[in-house]
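Taking it in order: structure first as structure tokens, then the write-up.
The values are calculated or read from the model by the stated rules, or taken from the named source; none is laboratory data. These numbers come from a predicted model, not from an experiment. Using ideal geometry, Cβ is built from the backbone for each residue, glycine included, and neighbour counts are taken over all protein chains shown. Areas reflect the complete protein model, heavy atoms only, side chains present, ligands, DNA and RNA absent. Shrake-Rupley method; radii C 1.70, N 1.55, O 1.52, S 1.80 Å.
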Amino acid sequence: MAKHMQPLKALREIAFDYGVGEHPDLATMARELSRAILQHKTSLQHDLASLRTRGKGFERWLVAQRSKPAISVLVMAWPANYATPIHDHAGLWGLELALHGALEVESWDRDPHGNILRQVGRDWLGPGDASWFDADDRYAHRCRNLSRHETALTLHVYGGDLAQYLTYEEAGSTGQWLARPQLSTITGQLYA
Ligand SMILES: [Fe+2]
């Protein structure tokens with residue numbers, strides 16, 4: 001997948017332009033990304049078509065990374081029905097946006113004392129819709145591809161390299177939660 005993808009380059013440039021400062025304006029970044037995704041809809045679908053038919057499971061593709069100010073841009077492929085565990089983002093700010101298909105995003109709030117989580121919201125993202133979170137140790141979410149048949153594609157922007165994070169799982173009915181460290185894996189690079 002070595003060819004350069006013009007629409008992805010436009011998305012990367014928007015993410016880099018707005019991804020500055022400790023608390024970037026994620027609402028504006030989302031609006032600009034959404035506008036670009038609708039504008040480049042046909043060529044994005046064409047460029048990313050192979051990611052929807054690989055049949056290799058959940059995959060994370062790196063689009064671009066910058067160290068100062070720190071930012072990473074990824075595309076993820078979600079098999080039909082695929083759901084993540086509840087997970088955090090190592091305190092980084094982040095934005096995710098549906099490129100193809102639809103995603104459900106459950107937002108959770110983690111009480112840092114005792115690792116107790118409670119669900120605080122649920123959103124549905126169709127193509128061009130975004131969900132974002134500020135740099136915060138408390139925010140966690142669980143995402144699911146709503147389609148039973150089709151692979152969904154999403155764009156992700158984080159305020160750094162999300163190499164490690166925690167997943168959360170309720171321990172029986174005790175009201176306690178177990179946090180497990182995880183390492184992110186990158187399938188490959190998409191050249192933007
Ligand atoms: Fe996430």
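Tell me which of Leu97, Pro112, Pro181 sits at the most positive position along the dipole axis of the chain, charges placed on C-beta atoms (Lys, Arg +1; Asp, Glu -1).
Checked the options; the winner is Leu97.
Do you know the relative contact order of the stretch 6-189, to the nearest whole percent, from alpha carbon pairs under 8 angstrom that are 6+ apart?
Details: 425 pairs, mean separation 48.1, N = 184.
Averaging sequence separation for qualifying contacts and normalising by length gives 26 percent for the stretch 6-189.
Dipole of the stretch 6-189, Cα-centred, from +1 at each Lys and Arg C-beta and -1 at each Asp and Glu C-beta, to the nearest 20 debye? Provide the component values of the computation, followed by the final result.
Details: 19 positive and 22 negative charges, 128 e Å.
Charge dipole, the stretch 6-189, about its Cα centre: 620 debye, nearest 20.
In 10 Å bins starting at zero, report the fraction of Cα pairs in the stretch 6-189 per bin as a rounded %.
9, 38, 38, 12, 2, 0
Can you return the aspartates and glutamates within cross-link range of Lys56? Criterion is Cα-Cα under 16 Å, with same-chain partners fewer than 8 residues away left out.
Glu150
Percent of accessible area on the stretch 6-143 owned by carbon and sulfur, 1.4 Å probe?
Details: 3190 of 6450 Å².
C and S atoms contribute 49 percent here.
Against the longest alpha carbon principal axis of the chain, how many degrees, from 0 to 90 and to the nearest 10, is the axis of helix 6-18 turned?
Tilt of helix 6-18: around 50 degrees.
Can you spot the aspartates and glutamates whose alpha carbon is less than 13 Å from Lys68's alpha carbon? Ignore those fewer than 8 places along the same chain.
Lys68 reaches Asp17, Glu22, Asp161.
With every protein chain present, what is the per residue accessible area of the chain (1.4 Å probe, Å²)? All intermediate terms of the calculation are to be shown ahead of the outcome.
Details: 9600 Å² over 192 residues.
Here the per-residue accessible area is 50 Å².
Using only Cα atoms and rounding to the nearest 10 degrees, what angle (0 to 90) does helix 26-39 make with the longest principal axis of the chain?
That helix lies at roughly 40 degrees to the long axis.
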